[in-house]
Each structure stands twice: as structure tokens, then as C-alpha cells.
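Structure record follows, encoded as C-alpha cells.
The values are calculated or read from the model by the stated rules, or taken from the named source; none is laboratory data. Worth saying up front: this structure is predicted, and the values here are computed from it rather than measured. Every residue, glycine among them, receives a Cβ derived from its backbone with ideal geometry; neighbour counts consider all protein chains shown.
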Amino acid sequence: MNNNRTFINPPNLTNEKSLKTLVENRSVYSLNHCELNLFETYESSVLVPLKFNDLVVTSMLRGKKVMHLFDDPGFDYLPGETVVIPSNVEMKIDFPEASIKNPTQCLALAIDQTKISDTLQFLNERYPKDGKDQFWQLNYQNYFFYNNVELATTINKLIKECMSTSITKDVLADLTLQELLIRIIQTQSAKAIDDGVFTDPKNPIFHVVEFIRLNLNENINLKHLSEKVGMSTASFYRLFKRELGMSPLEFVINEKIRCAKQLLKNPTIQINEVCYLSGFEDSNYFIRLFKKHEGITPKQYQLLYVN
């Protein structure tokens, strides 16, 4: 999974005098088709149960949790990360570091099933996917992922609408819920590619991704990629952007950075060599782009693994 996380703007914490409990103190904002829950915990605790009747999109805002879901091993849950949980599935949560001075804060957005079904039906009718048995749908096995910019921006918009006092907030929230579901599906598809489990040969994206990864050193352009799947450049661009929420060339850049990060785990390799092997021609451009994506230079990234 890509290590980049985009953080959501956390709402203000509850005034201490207004806290009802120190474990999962809950503030609720109810709209026509969704319910925003803000949970805050101020003391260490383990295996706190929580379950919703609707599908829930949860995102960490502050602090750290350890999530226990299904029969999977518990995993750290940190700001910049999102978990999608089907209806009536119980999660159990540890708060190993929570305290008055270091509270956790997490949002849980419960979405009405009718809204989800109507949105998916609309997408499948208005923007059908190419290929047999290809549909807009949520992937409940791919439930944990890092926020990208688009997903975090959409969640921020929903928080604002849910907490608003405007008479139009339900209408605006409904539109943003549709966007959120699209962003989640796109993010799940991108994560499936990162994890190597996007393996449907009926989907043209599969063949393009395979080609890109085998030819990072080549001069890959949009026309070349669209020809690989027998599509016009405009149609292919729309398909790719719709499936993954990014352009084909943005994906190429991400793959080159991903390759560079793997190479940099070798403490003896030179930065110029990494630049060439990951498909960049100019080392200065590579260094600038790497820092933009990762927040540190390639050399700093390499030293993380040396130390």
C-alpha cells in the first residue's frame, strides 16, 4: 500500500465539562441519509465493542487505536486512514495510548443502505463499466486503506455539511455521499493494484497496469497505453480516471516512485542509479518529485532503512 496518507481536518474536541464518558464519548449529527458520529476516548482501554445497523465509513482523526475486525489480526489504526465496515459487524477496539492529554478522535459515518443502493444503481446505469460482469460495487474484503487527497477532501466536505445549521445541508450532504462512495470504490481499486490482487483479465486496466510495471524505463505516453487496449485516447483516459480516480500518467509516476522506494531499501545503491532504474531520466527532477510524493528526499528515505 502506498505510504502516503492525507489527513482529515479534525473537529474541535468536546469541552471537558460536557464529556459524558471518557471511553468513546459520542457526538451525533443526524441527516436524512447518513449519521455522523464523532467518538473521543480519554483513557486507555481494551476490546471496546461497537456495532452499527448501517454500513459505516470510519476515519481516524487523532491518536491511535488497535482495531479487531472479522477474524483478522488486530491492526494499528492511525490518522490518515479509513476503514469501511458492513452493517451489523461488530468491531472491537483497543486504545493503548489514550489519555486526557492524548485523546483519540475518530469519525464513524453511517450511511443508509437505500442511499448506497440508489447511488450504485445510478452509476451502473449512467456510467456502466466496460466488460462483462463489471459493475460499480463496494469491496468489503478491501476494507482498510490510506486516504488520498480526493477521499480526504470529500470526507472533510461531509463533516462540514453534517455539522452545518444550513437548511440545505441534507441536499448538499446527499451529493457529497455520492462522491464519497465513488472515491471509496476508486481508492479500493487503487489499493488492490498496489497489493497485487487486481487480477481480472476482463478489465482493460489490468493489462495496462501489467504493461506499465514491465516497462517503467520506456517512454510511456497516453497514446501508447490506449493503443494497448484498442481504445481512443479520450475513451481510455475517461476509463482509467473513472476506475482509479487518477490519470494514466499520474499512475505511471506513482509506479515509478513505488519502484524507487523498493530500490532505496538497498543501502549501497546510488541515487543516480535508482533514478535510472525506476524510469526517470533527470536526477534533479526525480529528487524533487520524490520529495513531493514522500515528504523527504530519496537519500533521507534510504537512510531510514540503514538506521
- prompt: TYR285 is checked against (1) among the hydroxyl-bearing types (Ser, Thr, Tyr); (2) over 26 Å from TYR143 (Cα atoms); (3) at pLDDT below 90 and fails just one. What number does that condition carry?
  reply: (3)
statement: Sole miss for LEU78 among (1) under 22 Å from the mean Cα position of the chain (by Cα); (2) hydrophobic (A, V, I, L, M, F, W, C); (3) over 26 Å from GLU161 (Cα atoms); (4) surrounded by fewer than 19 Cβ atoms within 10 Å (Cβ to Cβ) is condition (3)
query: within 26 Å of the chain's Cα centre (by Cα), at pLDDT 90 or above and surrounded by fewer than 18 Cβ atoms within 10 Å (Cβ to Cβ), is that true of GLN262?
result: yes
query: Can you find even one residue in the range 172-190 that is outside any helix (DSSP H, G or I) and either of a type in the set (Val, Ile, Thr) or not assigned by TED's automatic domain parsing to the domain that holds ASP112 (or both)?
result: no
- prompt: Across the range 265-294, what is the number of residues that are loosely packed, with under 13 Cβ neighbours inside 10 Å and in contact (Cβ under 8 Å) with a residue 40 or more places away in the chain?
  reply: 1
- request: Name every residue in the range 237-251 that is in a helix (DSSP H, G or I) and surrounded by fewer than 19 Cβ atoms within 10 Å (Cβ to Cβ), in order of residue number.
  value: TYR237, ARG238, LYS241, ARG242, LEU249, GLU250
Within the range 115-126, considering residues that are more than 14 Å from LEU31 (Cα to Cα) and in contact (Cβ under 8 Å) with a residue 60 or more places away in the chain, the one surrounded by the most Cβ atoms within 10 Å (Cβ to Cβ): THR119
message: Being at pLDDT 90 or above and loosely packed, with under 13 Cβ neighbours inside 10 Å is the filter here; which residues of the range 138-148 pass it?
response: none
- prompt: MET231 fails exactly one of the following numbered conditions: (1) over 23 Å from the mean Cα position of the chain (by Cα); (2) in a helix (DSSP H, G or I); (3) modelled with pLDDT under 90. What is the number of that condition?
  reply: (2)
- prompt: In the range 209-234, which residues are surrounded by 14 or more Cβ atoms within 10 Å (Cβ to Cβ) and among the small types (Gly, Ala, Ser)?
  reply: SER226
- prompt: Can you name every residue in the range 42-77 that is free of Cβ contacts under 8 Å to residues at least 40 places away in the same chain, closer than 14 Å to CYS106 by Cα and either touching a Pro at 6+ places or on another chain (Cβ under 7 Å) or part of a loop (DSSP other than H, G, I, E, B) (or both)?
  reply: VAL66
- request: Go through the residues of the range 21-41 one by one and say whether even a single one is among the basic types (Lys, Arg), modelled with pLDDT of 95 or more, assigned to a strand (DSSP E or B) and out of contact with any Pro (no Cβ under 8 Å at 6 or more places or on another chain).
  value: yes
